[in-house]
Amino acid sequence: MKGFTRLSRLHWAPAFALALLAGCSTQAPQPGFEQRPASVKNELVSLIPASAEDRDGWATDITAAFSAQNLPATRDNLCSVLAVIEQESTYTADPSVPNLSAIAREEIERRASALHIPGFLVEAGLNLESPTGETYSERLAHITTEREMSEIFEDFIGMAPLGRQLFGSLNPVHTGGPMQVSVDFAEEHAENYPYPVDDSIRHEVFTRRGGLYFGIAHLLGYPANYDEPIYRFADFNAGWYASRNAAFQAAVSQLSGIPLALDGDLIIPGSRQAGQTELAVRALKRQLEMDDGEIRDALEQENSLEFEQTELYEKVYSLAARQENQPIPYSRLPGIKLESPKITRNLTTAWFANRVDDRWQQCMAR
């Protein structure tokens, strides 16, 4: 993974605002827009930096991903994809990660410690011969990419009893490829994948064509009422609709006086227990004239565009605008600190979104 919020869309009366936003709510092509694959590819070749190796190959795979997903290949969208690629991998299909061998070792030791497995047993397991003929320890010593690390863990889990004890069937490598897309996301959105699958979708993520297909789906494959691409860049990092949901949390906090983490998570995933945001909304239920069940039903739509059509969403923004006597921001960058063994600095989703936005603007100016 290679500044602050610009002025966001302002939310006036909800019904009027939603009407204004309708034109931006999908990824439909504009009338008369040129979608011929040959033209899209030529445009991409002209936009990809001259320093990138195999510009023609990158352009081919990106064009195929847009075509297969029926996404509009506008200049905005093409530059959005190229900006993310440049930020995440600088046009490398399987990018190197500094200190990856140490990161892998630390993950194994962390799992072993949590399960109270003695260190000498861990070393014995790593000194077993792997399917490549090298020991797992030897292979770990010279890995440089997440694909290599993922393959080692796959072999380790499949061949060594200790590996299954440490990791079960769960490979600890969660992202990969030129856009650093989530393997889980790819597996959930693989139904219309247009290429023959080499063994598994996980393996496809680490290829250029697969990493681009699923990365583009994650970046552009959902409708959103954003008027600036920076919010999609934040969503790419934090999850679909995180920027919209963070703005909603800010409106709830303003109305209730209850401080909230503006992280875009409106409910606790997989739990019926009320989280911080849900409890703050409940504190407003008399003003909202809604009960706990109605509030919960609306918040459960946090990952869809339909959340904006709920009674809860409209009432919160109407009350907040009335209280402040001014428009309320519809979207904002989530306040999330990035956590990963690969990250050695104090980075945030806002930092990531702004870096990608800078690259997007440079692409648009080319």
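Quick note: the coordinates plus some simple rules give every number you see, no bench work behind them. All figures in this text were calculated on a predicted structure; none of them were measured in a lab. Counting neighbours? That spans all protein chains shown, and the Cβs are built from the backbone with ideal geometry, glycine included.
Before moving on, here are some points about what is shown:
- The phi-based Karplus calculation (6.51 cos²θ - 1.76 cosθ + 1.60; θ = phi - 60°) puts the 3J(HN,Hα) values of segment 310-323 at 7, 4, 4, 4, 5, 5, 4, 5, 5, 5, 5, 5, 5, 5 Hz, whole numbers, x for Gly and Pro.
- Approximating the spin labels as points 7 Å out from Cα along Cα→Cβ, the His174-to-Glu306 distance works out to 2.7 nm.
- With the largest listed first and rounded to whole Å, the semi-axes of the equivalent ellipsoid of segment 100-176 from the Cα gyration tensor are 17, 14, 12.
- Positive contributions from Lys and Arg (+1) and negative ones from Asp and Glu (-1), summed over other residues with Cβ under 15 Å from the Cβ of Phe167, come out at -1.
- Relative exposure of Lys285, Lys315, judged by other C-beta atoms within 10 Å (fewest first): Lys285, Lys315
- Centre separation in Å (Cα based) which lies between segment 230-262 and segment 135-201: 32 Å
- For Leu128, net neighbour charge (Lys/Arg +1, Asp/Glu -1) across residues whose Cβ lies under 12 Å away: -4
- Ordering Leu78, Phe214, Val197 by Cα displacement along the dipole of the chain toward the positive end leaves Leu78 in first place; charges were set at the Cβ atoms of Lys, Arg (+1) and Asp, Glu (-1).
- Using only side-chain charges placed at the Cβ, +1 for Lys and Arg and -1 for Asp and Glu, the dipole size of segment 100-176 relative to its Cα centre rounds to 240 debye.
- Set of aspartates and glutamates near Lys41 by C-alpha distance (under 16 Å), chain-local residues within fewer than 8 positions excluded: Glu53, Asp54, Asp56, Asp61, Asp76
- Under 5 Å from the amide H of Val181 lie the amide H atoms of Gly176, each residue being 5 or more positions distant or on a separate chain, with H modelled from the backbone and absent for Pro and chain starts.
- The aspartates and glutamates within cross-link reach of Lys285, meaning a Cα-to-Cα straight distance under 15 Å and a gap of 8 or more places when in the same chain, are Glu294, Asp297, Glu311, Glu314.
- All aspartates and glutamates inside 12 Å of Lys315 as judged from Cα atoms, apart from same-chain residues fewer than 8 positions distant: Glu289
- Its Cα centre serving as origin, the chain has a Cβ charge dipole (Lys and Arg +1, Asp and Glu -1) of approximately 1060 debye.
- Taken one residue at a time, the phi angles of segment 252-258 give Karplus couplings (6.51, -1.76, 1.60, θ = phi - 60°) of 5, 4, 4, 6, 8, x, 9 Hz. Gly and Pro are set to x.
- Only helices enter the 222 nm calculation for the chain: every DSSP H run of n ≥ 4 contributes -39,500 (n - 2.57), and dividing by all residues gives -16000 deg cm²/dmol, rounded to 500.
- Dipole magnitude for segment 203-340: computed about the Cα centre from +1 point charges on Lys and Arg Cβ and -1 point charges on Asp and Glu Cβ, it is near 340 debye.
- Whole-Hz ³J(HN,Hα) from phi, Karplus 6.51 cos²θ - 1.76 cosθ + 1.60, for segment 46-62, glycine and proline x: 6, 8, 5, x, 4, 6, 6, 6, 6, 4, 4, x, 4, 4, 4, 5, 5
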